[in-house]
2 protein chains.
Amino acid sequence: VATAREDQTGPVRPFAGEPVSAGAVLRVIRDAGTLTRAELGRRTGLARSTVAQRVDTLLRHELVREVVGGDSTGGRPPSSLAFNDGSGVVLCADLGVTHSRLAVCDLGGAPLAEEVEERLDISEGPEAVLGLVHERFGALMEQADRSHSHVRGIGVGVPGPVAFDRGEPTNPPIMPGWDGFSIPGWFASRYDAPVLVDNDVNIMALGEHWTNWRDRGHLLFIKVGTGIGCGIVARGEIHRGGKGAAGDIGHIRLAGHEVRCRCGNVGCLEAVSGGGALARRLSERGIEARTSRDVVRLVKDGDDAATRLVREAGRNLGEVLAGCVNFFNPEVIVIGGDVGQASSQLLAGVREIVFQRSLPLATEELRLVPSGLGDRAGVIGAAIMVIEHVLAPDAIDRAIRHAAA
Amino acid sequence: VATAREDQTGPVRPFAGEPVSAGAVLRVIRDAGTLTRAELGRRTGLARSTVAQRVDTLLRHELVREVVGGDSTGGRPPSSLAFNDGSGVVLCADLGVTHSRLAVCDLGGAPLAEEVEERLDISEGPEAVLGLVHERFGALMEQADRSHSHVRGIGVGVPGPVAFDRGEPTNPPIMPGWDGFSIPGWFASRYDAPVLVDNDVNIMALGEHWTNWRDRGHLLFIKVGTGIGCGIVARGEIHRGGKGAAGDIGHIRLAGHEVRCRCGNVGCLEAVSGGGALARRLSERGIEARTSRDVVRLVKDGDDAATRLVREAGRNLGEVLAGCVNFFNPEVIVIGGDVGQASSQLLAGVREIVFQRSLPLATEELRLVPSGLGDRAGVIGAAIMVIEHVLAPDAIDRAIRHAAA
């Protein structure tokens, strides 16, 4: 007798143009780490001759490499296959308001050269900013001993909403001159590689999920900096929503607060508890603080007022997140951003309220943790975004067909 | 030069065991409505002989049927193929607290026989309730002139949380005796067909999405009855979250309210604005109202106090939904449940606050509408849940292989 459970093995597979293509075989190898040809046959169900054919194709395109080792009961150890993550690089930029992080990463997402660029000022507009990014990409490639011909893709994160399918910022409040500017268009004359653009919290969520939580389907990444934003991973992928506006928790209303927000409403989480708001409240008390970084410095120096404010900000963030937990039931919430990372007080405040306010079933196995990647979540996420895009089975199969034609 | 956009055609396809299987061909036919063999060849990329083979298999299993018609420039019109939605039935039950709706539906989701069963009391426990459901399924099949052998699956919705993969209610607050009870297990000795179980708001969301909003990816279905719940559709599928607890918006805290809720917290949306709470508040004022249905009756009779309360309940629901809109950015919000459907005042209150409080980008194209299916959303959703399961390409291919063996 068939029951629901027995019947639900594995996801529904859409039809593919080719059964277990070279691209699909590469996916299996990447997921496994290393695999012998025999293991590859077992996992894909392919005949030995077909495995050999697919592997030859991938070897010829330098997408996999032979590694010696693996289990063997004697004689010559069987050679295994591994993804050749050195076969190309991706260029990544996590553009911030006042400073940015740039990197050249291999196809495994490991940075080969990396820098924080303080001269980048997003308000100078796309031509100036991307010009400097391009120049620094050149310098970083030189450091990493790689050239233009190695570039497989470019990933860019920006501090504002993005039309993801076009790679264009849309009405970004703090990016004058960028509205509707095609970032892929700008790079098109400079690199022969795909360019993907997303907002900063989405790439941070992606970086953190890929690096530390790949076994969980549903994750929220909360960035607490000058403002407050959220990147959402649902079933392992970024959830952008209907207009790409998902994750804007900074303007959810806090119970019992009437502070006016720059968005025109009152009581928004960001207007009460963002790093900018905390700095303003400290300076009103005569404590020198202009930015979220000043707040972080004060907390690190043990300033009492700053510490108390950050704890309260954690509780306020917790109020909003308690609602998100009831609504979305994430498995992991990662707290990042400069204020988010600076203080265990913020995280403690969040935990205090979320575990009090959310329903037991939703918090039973919820992990509420600081960012494991810290300042690098964005640049790693930008790398992962573009790597997953260029190494997707379809993209690999297209590239192989293209090379053969 | 490749840009992100050019490179992003179509979803990434996992590898399939068989290229464009009979199950996959059936999916194409179901999506299209009717298709000639030539059109089928164009859409799948299959050779004429392979199309013929796949179609023969589907005809042999009575999964498709020939329909005469279609475009023709003369001579005999080419015959088209359509899904044979009469080739089986699904049995559906939307179990409520005090009454339930049962139906026998064809494989297109159309009810062949349907009834509201007032004798079902969920608190009598699974054996009593399912016994009566089973008896009524038999009567409805007789009405519809179908027999046991036609049953392809059973879909059940229940008013509480469900472990979807096991079909078991988990700690349902208003379903004594059902905790951990295997509904598929109960039906296993009575029908040779898969049994799927989900909570009532999830199946309502599915029914409404499938019937009226299949072209949108992200939808929320809000049920306002005695309590308040939410079913979430993300990328066309039900989002259940880590523990299957997603959508529990009834216990999100409302700003400025301190009413104690049965969950132990204060100020929960449901404790302030659920149908049960509204009835209590009316009876405190000396107006006779014990249930959410009484509230609905009062509003329909033009009672002033009830109408004002429902409008206020709409605004309170709007406060919570404004947060969900900022967080999730849905394209559609459907308001249902008995209180939800009863009054344009509730919807007006929701709209008032959501369009004031949520960010412009998130509400620009947001549709906020009453349920199109009304009381039938659940039973239709239960049908869709099980139909999509049994007609999934993999399931069809397995069934065909099984029949051949």
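Net charge around residue A:272, counting only other residues with Cβ within less than 12 Å of its Cβ (Lys, Arg = +1; Asp, Glu = -1)?
For residues surrounding residue A:272, the net value is +1.
Which whole-number percent gives the relative contact order of region B:145-203, counting Cα pairs below 8 Å spaced six or more residues apart?
42
Quick check on the protein assembly as shown: take the gyration tensor over C-alpha atoms, sort the square-rooted eigenvalues as a ≥ b ≥ c, and tell me if it's rounded (a/c under 1.5), prolate or oblate.
Oblate is the answer for the protein assembly as shown, as a/c is 1.5 or above yet b/c matches or exceeds a/b.
What's the center-to-center distance, using Cα atoms, between region A:310-340 and region B:122-189 in Å?
38
In nm, what does the list of distances from residue A:116 to its counterparts in the other copies look like, shortest first, when each label sits 7 Å along Cα to Cβ?
6.5
Would you mind pulling out the separation of the Cα centroids of region B:17-59 and region B:242-279, in Å?
Cα centroid of region B:17-59 versus Cα centroid of region B:242-279: 50 Å apart.
Which of the three applies to region B:158-198, rounded, prolate or oblate, going by the alpha-carbon gyration tensor with a ≥ b ≥ c and a/c under 1.5 meaning rounded?
prolate
With +1 on each Lys and Arg Cβ and -1 on each Asp and Glu Cβ, how big is the dipole of the protein assembly as shown about its Cα centre, in debye rounded to the nearest 20?
For the protein assembly as shown, the charge dipole is close to 480 debye.
What is region A:199-261's relative contact order, in percent, from Cα pairs under 8 angstrom and six or more apart in sequence?
Relative contact order comes out at 27 percent.
Over all residues in A:44-51, what is the mean tally of Cβ atoms on other chains that come within 10 Å of each residue's Cβ?
Other-chain Cβ atoms within 10 Å of each residue's Cβ, averaged: 1.
Run the numbers on chain B and let me know its relative contact order in percent, using alpha-carbon pairs under 8 Å that are six or more apart.
Rounded, it is 15 percent for chain B.
For peptide A:230-243, compute the average count of partner chain beta-carbon atoms within 10 Å of each residue's beta-carbon.
The mean count of partner-chain Cβ atoms within 10 Å per residue comes to 5.
Counting only DSSP beta bridges with both residues in chain A, tell me the antiparallel percent, nearest 5.
If I count the DSSP bridges inside chain A, around 60 percent turn out antiparallel.
Taking the Cα centre of each part, how many Å lie between region A:93-117 and region A:354-371?
32
For chains A and B, what's the summed buried accessible area, probe 1.4 Å, to the nearest 100 square angstrom?
Chain pair A/B: roughly 6900 Å² of buried accessible area.
So who's got an amide H within less than 5 Å of the one on residue A:223, skipping anything under 5 residues away but keeping other chains? H placed 1.01 Å off N, in plane.
A:229, A:230, A:231, A:336
Based on the alpha-carbon gyration tensor of region A:177-330 and its eigenvalue square roots a ≥ b ≥ c, which shape applies: rounded if a/c is under 1.5, prolate if not and a/b is larger than b/c, or oblate?
Cα axes put region A:177-330 in the prolate bin.
Which distances, shortest first and in nm, link residue A:139 to the matching position in the other copies, using label points set 7 Å out along Cα to C-beta?
8.2
Checking understanding here: applying a Kyte-Doolittle mean of at least -1.0 and a length along the axis of at least 27 Å (C-alpha), which whole DSSP H helices in chain A pass?
Going by DSSP H runs, the hits are A:304-328.
Other chains' Cβ within 10 Å of B:362-368 residues: what's the mean?
3
Nearest 5 percent is fine: what portion of the DSSP beta bridges confined to the protein assembly as shown is antiparallel?
Roughly 60 percent of the beta bridges in the protein assembly as shown run antiparallel, per DSSP.
To the nearest 500 deg cm²/dmol, what mean residue ellipticity at 222 nm is calculated for chain A from DSSP H runs of n ≥ 4 alone, each contributing -39,500 (n - 2.57), summed and divided by the residues?
-12500 deg cm²/dmol
Straight distance only, please: which aspartates and glutamates reach the Cα of residue B:300 with their own Cα at less than 14 Å, same-chain residues fewer than 8 apart left out?
Cα-Cα hits under 14 Å: B:338.
The values are calculated or read from the model by the stated rules, or taken from the named source; none is laboratory data. Computed from a predicted structure; not experimentally measured. Please note: Cβ atoms are built from the backbone with ideal geometry, for glycine as well, and neighbour counts cover all protein chains shown. Note: areas computed on protein heavy atoms with side chains; ligands, DNA, RNA excluded. Shrake-Rupley method; radii C 1.70, N 1.55, O 1.52, S 1.80 Å.
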